[in-house]
Each structure stands twice: as structure tokens, then as C-alpha cells.
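Comments concern the structure below.
The values are calculated or read from the model by the stated rules, or taken from the named source; none is laboratory data. This is a predicted model, so every value here is computed, not measured. We place every Cβ from the backbone using ideal geometry, glycine too, and count neighbours over all the protein chains shown.
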Amino acid sequence: MIGKYKQTEDLALTESIVGTIMVGASYLIRLYYFALIGRILLSWLPQLQENKIAEFLYKITEPYLAVFRRFIPPIGMIDISPIAAFFVFSWISEFLLRGLHTVLLFLF
């Protein structure tokens with residue numbers, strides 16, 4: 001009987017650890033998503049591009065956006081590569097979260 005309670009406690013602890021890691025990963029992905037949005041909005045406001053926040057957003061988002069700019073040329077003066085970046089980011093983040101969840105359940 002005691003072994004059954006121990007298994008229940010272990011399962012609850014495992015679910016708690018996995019849940020905490022998944023929530024943290026989800027928040028990080030959501031934070032980067034908002035950084036991408038902020039970067040794109042700042043590109044429309046050139047007078048705000050020379051402050052510390054804009055520089056930080058540029059540093060963390062440019063490596064990701066540069067990949068898409070290599071393959072998707074601008075249409076006139078409009079850079080449409082962020083549209084593709086958002087679609088790919090959504091797909092990859094969903095894939096990563098599901099994969100992380102599966103791996104964590106396997107490990108714990």
C-alpha cells in the first residue's frame with residue numbers, strides 16, 4: 001500500500017517538473033515572438049531606432065530575420081521576410097514544445 005502512495009507522489013512531482021519546464025519554455029518562445037513584433041514595429045518608426053531597447057531587439061532578432069532576407073527579396077520598399085519568419089517561427093515553436101514535452105516525459 002505504501003508503494004502505491006510513493007508512485008503517486010513521484011508521478012505528481014514528475015508532472016510538476018515537466019509542467020514548470022514547459023511553462024518556462026513557452027514563456028521564452030512567447031517573449032521572442034513579441035521581440036520580433038517589436039522589432040518590426042520599430043522599423044516603421046525610424047526616430048525610435050536609436051535607443052537601447054531598439055538596439056537590444058535588433059541584436060536578438062536580426063540573426064533569425066537575416067536567414068529569411070537571404071531568400072526573400074523585398075517587394076519595392078517593403079520587406080516581406082518577417083511574414084515568412086512568423087509562420088516558420090510558429091511552426092518551429094510548436095514542434096519544439098511538443099518535442100520537449102515528449103523528451104521530458106521520457107526522461108522523468
Residue that is surrounded by the most Cβ atoms within 10 Å (Cβ to Cβ), among those in segment 43-71 that are free of Cβ contacts under 8 Å to residues at least 24 places away in the same chain and of a type in the set (V, I, T)
V67
Which of the residues spanning segment 1-48 are modelled with pLDDT of 85 or more, in contact with a helix residue (DSSP H, G or I) (Cβ under 8 Å, 6 or more places away or on another chain) and within 27 Å of M77 (Cβ to Cβ)?
Y32, Y33, A35, L36, G38, R39, I40, L42
Limited to segment 72-89, what total is found for residues that are part of a helix (DSSP H, G or I) and touching a residue at least 12 places away in the same chain (Cβ under 8 Å)?
7
Considering only residues that are of a type outside the set (G, A, S), surrounded by 11 or more Cβ atoms within 10 Å (Cβ to Cβ) and under 17 Å from S93 (Cβ atoms), which ones fall in segment 15-27?
I21, M22
